[in-house]
Amino acid sequence: PSCKVFFAKDPLKIVRAQGQYMFDEKGEKYLDCINNVAHVGHSHPYVIKAATKQMELLNTNSRFLHDNLVQYAQRLTATLPEKLAVCYFVNSGSEANDLALRLARQYHGHQDVITLENAYHGHVTSVIDISPYKFNQLGEDSKKEFVHVAPSPDIYRGKYREDHPDPASAYAEEVKKIIEETQKNGRKIAAFIAESMQSCGGQVIPPVGYFQKVAEYVRAAGGVFIADEVQVGFGRVGKHFWAFQLQGEDFVPDIVTMGKPIGNGHPMSCVVTTREIAESFGASGLEYFNTFGGNPVSCAIGLAVLEVIEKEDLRGNATRVGNYLLELLAEQKEKHPLVGDIRGVGLFIGVDLVKDQQKRTPATAEALHLIYKLKEHQILLSVDGPHRNVLKFKPPMCFTMEDAKHVVETIDALLTEMEEATGMKTENDASTNAQYKRQTTDGSSQTEGANESISHMNGAACRQESGLYSNKCSVPSERIRT
């Protein structure tokens, strides 16, 4: 029961996939807006050929020498700033973040970690401890004493918003305060860790300059900066290969972790760091090896993925299609009172749904209802964020203009249907900055229809969590699955 599936009240059985499409056992085709794992597209023939060719020759423990390992490390580090020069290959994003913590703690012998609100860094014990997205579900006493939580640098819902003169500095000062308080209590900071753009936290794009200031404070305290690129790396932002590069050329993390897209669905991940940190790790006297990490097949696949990104100009595609998708979604914000904020870069985009645009009240039930309706239209999209009200676009990088137009047209029609059912209407022309209010329709049949729709959406909110069942809602016991 603890193992969750997408769309749990009506789950999908997917039997094959190609490009940006997935097919169920009945042959129905679904447009995939979810899979940042199938980075260059499902079942990419070039990647499959590379994997098959190497499998036919050899796959073995990575404690043997093999050219693929060296060649891939060279190709991968060529995409990164020069000082990030040492690779440790592992098998998942969780394992990469676990190893990153070990590297950080060995570096100066410090233990404490600063993380962000709503952060998620993986499912192994060490990274659940630094993932408020997870440990907050266990209750108020679940946070470990060595973990310190800084405000998410969210300029739409956070402490410092878009009207603040310098939100980057304001959010960085919050980290500085945590460091100072920690030091007063006799504790020492080993690391600050953050996704370069928060995914589970609600598609949050940190303000430019935030990472530089945080890194300055953390390094002064003897800690290191870990950039988690597991969900957002490998050109997803388009104009850069890595999302942390959005902060500017003057920002370089001390450790970068990567996974998911690295192998296009093959279980592979990597930690890249500086020679100084790697040498400190080696000086501990504790040998490190990983049975499968960096094996010949994984590295052949990794090389193929890098080659496809370059040959098919997938970064350029992410920029072009992403910008087009943002434009289409911005039009929906002007048109629909349910759309509160559009944010994103490249093919990493969030749509924050609200019940009231001025108060920014999260429209959780409506968001969850919408993804189920989209599924009925054979479009797969997910929701996330602390309020489960943010639509998450992170499709395969081969997503097209036509795909973007199709998705937004369908969302437009569904939002119109939902707003009519619930009585939400705009008072302004779509070309102005809209201000909306909730209105009640007259007539018993319309009112009953609206109530039925609202009831259905509220039920959906209790049954699903990012398309999954949740057992946290107060609904009749027979409606809860645990």
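Of these, Gly350, Gly385, which one is open to solvent by less than 10 Å² (accessible area, probe 1.4 Å) and modelled with pLDDT under 95?
On inspection, the qualifying residue turns out to be Gly385.
Collect the residues in region 388-399 that are more than 11 Å from the chain's Cα centre (by Cα) and either outside the structural domain of Gln20 (by the TED database) or crowded, with 24+ Cβ neighbours inside 10 Å (or both), keeping them in residue-number order.
Those that are more than 11 Å from the chain's Cα centre (by Cα) and either outside the structural domain of Gln20 (by the TED database) or crowded, with 24+ Cβ neighbours inside 10 Å (or both): Asn389, Val390, Leu391, Pro395, Pro396, Met397, Phe399.
Quick one: in region 150-188, of everything that is hydroxyl-bearing (Ser, Thr, Tyr), within 15 Å of Tyr210 (Cβ to Cβ) and open to solvent by less than 20 Å² (accessible area, probe 1.4 Å), which residue is nearest to the chain's Cα centre (by Cα)?
Filtering first and then ranking leaves Ser152.
Identify the residue in region 190-246 that is open to solvent by 10 Å² or more (accessible area, probe 1.4 Å) and assigned to a helix (DSSP H, G or I) and, among all such residues, is farthest from Asn264 (Cα to Cα).
Looking at residues that are open to solvent by 10 Å² or more (accessible area, probe 1.4 Å) and assigned to a helix (DSSP H, G or I), I get Ala220.
Under 6 Å between Cβ atoms, at least 6 apart or on separate chains: pull out the pairs that start in region 328-348 with a residue that is hydrophobic (A, V, I, L, M, F, W, C) and end on any residue that is open to solvent by less than 10 Å² (accessible area, probe 1.4 Å) and part of a helix (DSSP H, G or I).
Leu328/Val408; Leu338/Leu415; Ile342/Leu329; Leu347/Ala318; Leu347/Gly322
Here is a list: Asp384, Asp341, Asp356. Which entry is charged (D, E, K, R) and touching a Lys or Arg at 6+ places or on another chain (Cβ under 7 Å)?
The unique qualifying residue is Asp384.
Among the residues in region 17-27, are any in contact with a His (Cβ under 8 Å, 6 or more places away or on another chain) and modelled with pLDDT under 95?
Within region 17-27 (the criterion being in contact with a His (Cβ under 8 Å, 6 or more places away or on another chain) and modelled with pLDDT under 95), the answer is no, since none of the residues qualifies.
Is it the case that some residue within region 20-29 is among the polar types (S, T, N, Q), in contact (Cβ under 8 Å) with a residue 40 or more places away in the chain, open to solvent by less than 60 Å² (accessible area, probe 1.4 Å) and in contact with a Ser or Thr (Cβ under 6 Å, 6 or more places away or on another chain)?
no
Select the strands (runs of 3 or more DSSP E) contained entirely in region 84-153, then report the ones holding at least 3 residues which are farther than 21 Å from Ile277 by Cα.
Where strands (runs of 3 or more DSSP E) fall fully within region 84-153 and carry at least 3 residues being farther than 21 Å from Ile277 by Cα, they are 147-150.
Only one of (1) closer than 17 Å to Val224 by Cβ; (2) surrounded by fewer than 21 Cβ atoms within 10 Å (Cβ to Cβ) fails for Leu101. Which number is that?
(2)
The values are calculated or read from the model by the stated rules, or taken from the named source; none is laboratory data. Since we're looking at a predicted model, the values are computed, not measured. Every residue, glycine among them, receives a Cβ derived from its backbone with ideal geometry; neighbour counts consider all protein chains shown. The area values use the complete protein model at the heavy-atom level, side chains included, leaving out ligands, DNA and RNA. Shrake-Rupley method; radii C 1.70, N 1.55, O 1.52, S 1.80 Å.
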